[in-house]
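*Asks:* Please read through the structure below; I'll follow up with questions.
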Amino acid sequence: MYELYCRSYQMMMRMASIFLPWRKPELLEGENSLSKLPKLIKSQNIKSVLIVTDKGITEIGLMDLFLKELQREGVSFIVYDKTVPNPTIVNIEEAYAIYKENKCQGIVAFGGGSPMDCAKGVGARVARPAKTIPEMKGVLKVIKKLPPLFAVPTTAGTGSEATLAAVVSNSDTHEKYAIMDPSLIPHYAVLDPLLTVKLPPHITAATGIDALTHAVEAYIGKSNTQETIRCSREAVKLIFENLSEAYINGENITARANMQRAAYLAGIAFTRAYVGNVHAIAHTLGGFYSVPHGLANAVILPYVLEYYGESVHRPLAELADLIGIAETSDPDSEKAKKFIEAIKQLNDNMGIPKKINGIVEADIPLMVERALNEANPLYPVPKIFNKKDMEYLYHLVKAET
């Protein structure tokens, strides 16, 4: 009965989504495409922007040239660089206060998924000043138009430059949840591979598997469109062809550009087709222990895919064929197994651990509850999990102490 309820809810959401105001960001792509952004911002009659980033970005000077170009164009700016991994409500409120104080007219999200989530949260507060962040938790709680939002990803993973989601952490309750609304899709995105060439190998690895998780969870779900299928497949192929090279040789511009493209396409896919139980579990680990999101996804993905069993054999077999790791004569079950093994091998080659350290046994019941509340009834997953399923998976990913 519960599964029928979940599937009915998902069907209604899929039908309703046809009428939502979907859009894609306008793209600036290629080497040095960031240099075009200041003129673009000025062309929108924006005189002052809030730049949301983190200390890592400001300390290595990655934005320096961009800031000089903004000055040259006569666009004033204020930088908020206190964003933490798994950005908090406090981060959003601090940045929002700065936005108001400086009478900003636009927002630049510069960095990985955390600055982008924070920037989207600020945009939501600007659009809905009478609503708190917790009051906008869930689906379609913003609706109103955001100020111009420019996304500049410096990793190739989250795809947040293409998505309708902002993921927020509550430091007091250790809860991590998403605000999902088409109005949160950035208006412009800059895919400049030069911004990712200095990315450390371990971050390249985790963010790359994050993008793979987005593409795979979208593809195996039950709310695909022709476009999400195409985007997922292209993303998966690009990741298997380029992630290892980007990890080993970070200066390879082609590999970096292809990974940025893959992350963007995976973002397009899951913003329409949703993610699944991998993300539901990963979000709790981020909320409770600040486990980096990409790393959590990378560890969890093979376990969940194996646990899905027969329900994912056909789509995973198709992906195995896509990346050329299966024999034509192999049954779908064998092809699916080979695809999961390919993910495990990719993880191993990049030093991604097989388990998550620091999970406290006493925390598991609450994490199970929160993961189920996130996944059900919203996510159109191949198999609806119950409490026992989730408990089993948490114990699978938990490192022995």
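The values are calculated or read from the model by the stated rules, or taken from the named source; none is laboratory data. Predicted model, so just to flag it, every value in this text is computed and none were measured. Glycine also receives a Cβ, built like all others from the backbone with ideal geometry; neighbour counts cover every protein chain displayed. Surface accessibility is based on the protein's heavy atoms, side chains included, excluding ligands, DNA and RNA. Shrake-Rupley method; radii C 1.70, N 1.55, O 1.52, S 1.80 Å.
*Asks:* Leaving out ligands, DNA and RNA, what percent of the accessible area of the chain is carbon and sulfur, probe 1.4 Å? If you can, show how the numbers build up before the last one.
*Replies:* Working: 9150 of 16740 Å².
Result for the chain: 55 percent of the exposed heavy-atom area is carbon or sulfur.
*Asks:* For region 28-72 and region 360-380, what is the separation of their Cα centres, given in Å?
*Replies:* Rounded to whole Å, the Cα centres lie 39 Å apart.
*Asks:* When only the heavy atoms of the protein chains count and the probe is 1.4 Å, how do LYS144, LYS176, LYS354 rank by accessible area, highest first? Provide the component values of the computation, followed by the final result.
*Replies:* Values: LYS144 105, LYS176 25, LYS354 130 Å².
Output order, biggest surface exposure first: LYS354, LYS144, LYS176.
*Asks:* About the Cα centre of the chain, how large is the charge dipole given +1 on each Lys and Arg Cβ and -1 on each Asp and Glu Cβ? Please answer in debye to the nearest 20. Let's see the in-between values first.
*Replies:* On the way: 43 positive and 44 negative charges, 279 e Å.
The dipole magnitude comes to about 1340 debye.
*Asks:* For region 320-392, just the Cα atoms, rotate onto the principal axes and tell me the three extents in Å, largest first.
*Replies:* 45, 31, 17
*Asks:* While we're looking at this one, here's another question. So what is the accessible area of region 105-261 per residue, in Å², with the probe set to 1.4 Å?
*Replies:* Numbers: 4900 Å² over 157 residues.
Solvent-accessible surface per residue comes out at 31 Å².
*Asks:* Further question on the same structure: Rounded to the nearest 20 debye, what is the charge dipole size of region 1-93 about its Cα centre when +1 sits on each Lys and Arg Cβ and -1 on each Asp and Glu Cβ? Could you put the intermediate results ahead of the total?
*Replies:* Details: 12 positive and 11 negative charges, 76 e Å.
With only Lys, Arg, Asp and Glu charged at Cβ, the dipole is about 360 debye.
*Asks:* Tell me which of PHE339, VAL397, LEU366 sits at the most positive position along the dipole axis of region 339-401, charges placed on C-beta atoms (Lys, Arg +1; Asp, Glu -1).
*Replies:* It is PHE339, whose Cα lies furthest towards the positive end.
*Asks:* Mind listing which GluC sites (Glu not before Pro) in region 324-401 are in a DSSP loop and have 11 or fewer other Cβ atoms within 10 Å?
*Replies:* On the way: sites: GLU327, GLU334, GLU341, GLU361, GLU369, GLU374, GLU391, GLU400; in loops: GLU327, GLU400.
The qualifying sites are GLU327, GLU400.
*Asks:* Now for a separate question. Report the convex hull volume per residue for region 357-401, counting only C-alpha atoms, in Å³. Display every interim value, and only then the final one.
*Replies:* On the way: hull volume 3.3 nm³, N = 45.
So the per-residue Cα hull volume is 74 Å³.
*Asks:* Need the C-alpha centroid separation for region 180-202 versus region 1-22, integer Å.
*Replies:* Centre-to-centre distance over Cα atoms comes out at 29 Å.
*Asks:* Here's a follow-up. Where Lys and Arg each count +1 and Asp and Glu each count -1, what net charge lies around ILE253 among other residues with Cβ under 13 Å from its Cβ?
*Replies:* On the way: positive: LYS198, ARG256, ARG261; negative: GLU29, GLU31, ASP192, GLU245, GLU251.
Around ILE253, the surrounding residues sum to -2.
*Asks:* Kirkwood Rh over Cα pairs of region 205-263 into Stokes-Einstein at 4 °C, 1.567 mPa s: D in µm²/s?
*Replies:* Working: Rh = 11.5 Å.
Answer from the Stokes-Einstein relation: 113 µm²/s.
*Asks:* Follow-up. Hey, quick one: spin label on ILE78, modelled 7 Å out along Cα-Cβ, who in region 50-65 has an amide N within reach, i.e. under 15 Å?
*Replies:* Counting only backbone N, you get 50-53.
*Asks:* What value in Å³ per residue do you get for the convex hull of the alpha-carbon atoms in region 119-253? Working shown, then result.
*Replies:* Values: hull volume 17.4 nm³, N = 135.
Once divided by residue count, the hull of region 119-253 is 129 Å³.
*Asks:* Let me ask you something else. Please list 3J(HN,Hα) in residue order for region 292-309, calculated via the Karplus relation 6.51 cos²θ - 1.76 cosθ + 1.60 where θ = phi - 60°; whole Hz, with x for glycine and proline.
*Replies:* x, 4, x, 5, 4, 4, 4, 6, 6, 3, x, 5, 5, 4, 5, 5, 4, x
*Asks:* Rounded to the nearest 10 Å², what accessible area does CYS231 have for a 1.4 Å probe in the complete protein model?
*Replies:* Roll a 1.4 Å probe over it and CYS231 shows about 0 Å².
*Asks:* When only DSSP loop residues count, what GluC sites (Glu not before Pro) in region 4-62 have their Cβ near at most 14 other Cβ atoms within 10 Å? Kindly include the intermediate steps, with their values, before the conclusion.
*Replies:* Values: sites: GLU26, GLU29, GLU31, GLU59; in loops: GLU31.
In loop regions of region 4-62 (DSSP not H, G, I, E or B), the sparsely surrounded GluC sites (Glu not before Pro) are GLU31.
*Asks:* Further, regarding this structure: Mind listing which GluC sites (Glu not before Pro) in region 221-318 are in a DSSP loop and have 10 or fewer other Cβ atoms within 10 Å? Present the calculation step by step, with values, prior to reporting the outcome.
*Replies:* Details: sites: GLU227, GLU234, GLU241, GLU245, GLU251, GLU306, GLU310, GLU318; in loops: GLU251.
The qualifying sites are GLU251.
*Asks:* Additional query: Convex hull over the alpha-carbon atoms of region 1-116: what's its volume per residue in Å³? It would help to have the intermediate numbers written out before the result.
*Replies:* Numbers: hull volume 19.4 nm³, N = 116.
So the per-residue Cα hull volume is 167 Å³.
*Asks:* Separate question: Report, in listed order, any pair from LYS55/LYS144; LYS176/LYS383; LYS36/LYS103; LYS47/LYS176; LYS47/LYS144 with a Cα-Cα distance greater than 29 Å. Walk me through the numbers before you get to the answer.
*Replies:* On the way: LYS55/LYS144 31 Å; LYS176/LYS383 23 Å; LYS36/LYS103 24 Å; LYS47/LYS176 34 Å; LYS47/LYS144 22 Å.
In this structure, LYS55/LYS144; LYS47/LYS176 lie more than 29 Å apart at Cα.
*Asks:* Let me ask something additional. Cβ under 14 Å from GLY287's Cβ, GLY287 left aside: what net charge do those residues give with Lys, Arg +1 and Asp, Glu -1? Numbers along the way, then the final one.
*Replies:* Working: positive: LYS137, LYS176, ARG370; negative: ASP117, ASP172, GLU175, ASP363, GLU369, GLU374.
Taking every Cβ under 14 Å from that of GLY287, the sum is -3.
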